[in-house]
Amino acid sequence: MKLISFAIPSYNSQDYLSHCVDTLLSGGEDVEILIINDGSKDNTAAIADEYAAKYPTIVRAIHKENGGHGSGVNRGREEATGLYYKVVDSDDWVGEEALKTLLDTIRKHMAENRLPDLYITNYVYEHVYDNTQFVRSWGRQFPVNSFCTWADAGNFYGPQVLLMHSLMYKTELLRKSGTILPEHTFYVDNYYAYKPLPLMQTIFYLDVNLYHYFIGRDDQSVNIRNFVKRYDQQLRVMRYMVDAYSYAEIDKMEKPLKKYMLHCLSAIMMNTMMFCCSGGSEPERIAAHEELWQHIRNNDPKLYDHLAHRAMPAMLKWMPWKMRGKCMLVGYKLLCRFVKLG
């Protein structure tokens, strides 16, 4: 059995795909690498086929019509044969020593007949153009290099949320969660890092810098100019998240998990408000934003009450639109300066 299935959703990735795949190949026969060619128009398909021919027991090239990043993640989950499933974007890479440590850890846990539902590892923002880094570790939230459950989880503050880059789900549980990402949509990683969590009862936080996230290209989704234009896609993802679990369902979860799930919704709603408010005062932008709030209010009044009155969005929801946008844009720029988002 392959220990890890790595899915690489790839669209027009000819300039960086090889670097990503080469780092994953350091895992040898313990890993499966699924290159999901998402209807690319450059040489991505040929590069994928070359790797599959050269490493037939490790690499599989999967070609499909363009459906966006979420479609690639969905297809990889369907095709995966590994015990665990992890997504690596085609312009990112993994630390080879960290991958070796992770595989050694999985083998050790298999020998002990004690495999967790979820492995959490660190990720690194690699701001390549000025050679700086920001490491997101989780030592304050989870016991280091230890098994734990949600009962052992610490507090998350402000914008701190678990991202796709840190998560490696047990494949069978990910499938059981019914997490299907929307197609032709950016920012689906927010939903991917939220919906499966209640099924992940046992956790192991391995304190290694596994995932390296390339930062600095103008076309990246975290670039301010891009997320302002794509506000409608963030709204779509936010709706998926608030519809995933009702407040009543969250309220029945173990207290630390309940606390995190509500914190995560709150933090992503703040992002969603920023996407909308920071782009100006166009009537359609304001209407789409208000429509989301009305959707929550109509479908889950208790969740609306929490987000609108008792969580982070309450700090800004009642401000005038333009003032709200200015405050959130300043906050985001400060965050970017701190973590080197662009």
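Values quoted throughout were computed directly from the atomic coordinates according to the rules given, and no laboratory measurement underlies them. If you're wondering where the values come from, they're calculated on a predicted model, not measured in any experiment. Please note: Cβ atoms are built from the backbone with ideal geometry, for glycine as well, and neighbour counts cover all protein chains shown.
Descriptive notes on the structure:
- MET1-PHE134 FRET efficiency (beta carbon distance; Förster radius 30 Å; 0.05 resolution): 0.30
- About the Cα centre, charge dipole magnitude for the chain (Lys/Arg +1, Asp/Glu -1 at Cβ), debye: 1260 debye
- Peptides 313-323, 183-193 ranked from most to least packed by the mean count of surrounding Cβ atoms within 10 Å: 183-193, 313-323.
- Residue-averaged 222 nm ellipticity for the chain, from DSSP H runs of 4+ at -39500 (n - 2.57), nearest 500: -13500 deg cm²/dmol
- Extension gain for ALA308-ASP104 works out to 68.9 nm (0.36 nm per residue, less the C-alpha to C-alpha distance).
- Between the residues MET269, MET241, MET315, the greatest Cα displacement towards the positive end of the dipole of segment 224-339, with unit charges on the Cβ of Lys, Arg, Asp and Glu, is found for MET315.
- Diffusion coefficient (Stokes-Einstein, Kirkwood radius over C-alpha pairs, 20 °C, 1.002 mPa s) for segment 224-339: 147 µm²/s, rounded to a whole number.
- Computed lengthening from TRP318 to LYS255, 0.36 nm per intervening residue step minus Cα-Cα distance: 19.8 nm
- Ordering of 40-53, 90-103 by packing [mean C-beta count within 10 Å, highest first]: 90-103, 40-53
- Lysine pairs meeting the criterion (Cα under 23 Å, 8 or more apart or interchain), as found in segment 4-215: 16
- Cut-off 11 Å, label 7 Å out along Cα→Cβ of ASN66, residues of segment 1-34 by amide N: 11-12
- The alpha carbon convex hull volume per residue for segment 42-193 rounds to 163 Å³.
- The reciprocal of the average 1/r between distinct C-alpha atoms defines the Kirkwood hydrodynamic radius, which for segment 140-297 equals 17.0 Å.
- Size of electric dipole in segment 82-193: Cβ of Lys, Arg +1 and of Asp, Glu -1, about Cα centre, debye, nearest 20: 520 debye
- Net length gained if the chain between LYS54 and HIS184 were fully extended (0.36 nm per residue, minus Cα distance): 43.7 nm
- Sorting 166-176, 278-288 by their mean Cβ neighbour count within 10 Å, with the most densely packed peptide first, gives 166-176, 278-288.
- In angstrom, the C-alpha Rg and Dmax of segment 266-324 are 11.0, 30.
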